[in-house]
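Scroll down for the structure; my scribbles are underneath it.
Here, each number is a calculation from the coordinates, and none is a lab measurement. The structure displayed is predicted, hence computed values, not measured ones. We place every Cβ from the backbone using ideal geometry, glycine too, and count neighbours over all the protein chains shown.
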Amino acid sequence: MSGRMRKIWLCLMIGSFVLALVGCSQAGAVPGGEKKVVIVTNGDEEAVMAMETALKAAGYEGQYIVQSLGTSELGGKFIAEGDQIEADLVTMSSYFLETAQEEHQMFKDLTFTTQSLDEYPAYHTPFLANTGALFVNTEVLKEKGLSMPKSIRDLTKPEFKGLVSIPNMMDSSTGWLLIQAILAEYGESEGENLLRDLLVNVGPHLESSGSGPLKKVQASEVAAGFGLRHQAVLAQEQGIPIDYIDPIEGNFSLIESIAVVNKEEEKAELAMEMAEVIVNDSRKELLKDYPVALYKGETISNVHKPAYTKKFEVPLSVELLKQHQEFFQSAK
């Protein structure tokens, strides 16, 4: 497959074919960005606020512009545009950064050192992480006479039919955490059968967003779901009848990282300074909403420590994502 065809194929796979085929470089242009550092992120509101708070406190207010894009859209722009993307600084799923770097060599090596708990390539370092778990509405469980699930497999039992909600892996990266857990524990053959039974029980409650299942559990539309662990912990702390369960198949995580685009030197230097500030000064705030320790010295409360932390056996990549999406589709 040629390099050009591979670019188009990857963009198609992640739902961004419009960007790949029609003027990707013009999509999402940022007015005034030529004089300011353009920060492009797939982070949600809490992540952007933490980033901006750190930059403003360090004296960079007025020197940057933040543009938020969805993961699929931003990933498509990486693959299609390379270092011609309007961004100078990005935060994005680490597997997308690594695929884009392999394709385009578009990121500069970081000039500052970090104390990350794990090793990462020289051109990116962690920004935040999200971890998957099960959760239930305790009142609905009681009303329906259901036992507390301990595993993803438990949600395939006949009594849970129509009472389970999960994210659609074709739309949500949170759904990938579920698929990683199934494949790691059961393999492809048994895992496909389990996923097929799970999808039968899910029925119409397959959600396009990672937060969709928790919303349905909170609204008592279903009894159980899969999603981001910290969101379920927060819901319980707010007095909502939610309980969270670390599935025996494992709590898998996705890392969002920060990287500097390889552009003209003056802006790249300023972007590098901002990246260092974000890494050093935003983590305390980020840990409130994304309680996963990524750097030495970081601590989180026991309630935020998953019981079965695991990593997938091979490195995550866009191509692995496509393979797992095909696995997901084969079970439908």
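For the reader, a short list of remarks on this structure follows.
- Working from the Cα coordinates of the chain, the gyration tensor eigenvalues give, after taking √(5λ), semi-axes of 35, 23, 17 Å in decreasing order.
- When you restrict to C-alpha pairs under 8 Å that are six or more residues apart and normalise by the size of the chain, the relative contact order lands at 25 percent.
- The residues K263, K36, when put in order of fewest to most other Cβ atoms within 10 Å, stand as K36, K263.
- Percent RCO, i.e. relative contact order, over region 129-278, from Cα pairs under 8 Å lying at least 6 residues apart: 39 percent
- Dipole in debye (nearest 20) - the chain, about Cα centre, beta carbon charges: Lys, Arg +1; Asp, Glu -1: 760 debye
- Region 206-223 and region 93-114 have Cα centres lying 34 Å from one another.
- In terms of packing, defined here as the mean over residues of other Cβ atoms within 10 angstrom, the peptides 242-255, 310-323 line up highest first as 242-255, 310-323.
- Against the main long axis of the alpha-carbon atoms of the chain, helix 94-104 sits at an angle near 40°.
- Packing-based order for 56-65, 82-91, 213-222, using average beta carbon neighbours within 10 Å, highest first: 82-91, 213-222, 56-65
- Helix axis angle, 45-57 relative to the chain longest principal axis, alpha carbon, degrees: 30 degrees
- Comparing Cα centroids, region 310-332 and region 42-67 end up 32 angstrom apart.
- Compared with the direct C-alpha span, the chain from E269 to E159 gains 33.8 nm at full extension, assuming 0.36 nm per residue.
- Helix-only arithmetic for the chain: the sum of -39500 (n - 2.57) across DSSP H runs with n ≥ 4, divided by the residue total, places the mean residue ellipticity at 222 nm at -13000 deg cm²/dmol.
- Near the amide H of Q67, within less than 5 Å, lie the amide hydrogens of I39, V40, T41, all on another chain or at least 5 residues away, with H placed in the peptide plane.
- Using C-alpha pairs below 8 Å separated by at least 6 residues, the relative contact order for region 74-164 is 18 percent.
- Farthest towards the positive end of the charge dipole of region 36-136, among the residues L97, F107, V66, is the Cα of V66, using unit charges on the Cβ of Lys, Arg, Asp and Glu.
- Average 1/r across all pairs of distinct alpha carbons in region 151-309, invert it, and you get the Kirkwood radius: 17.5 Å.
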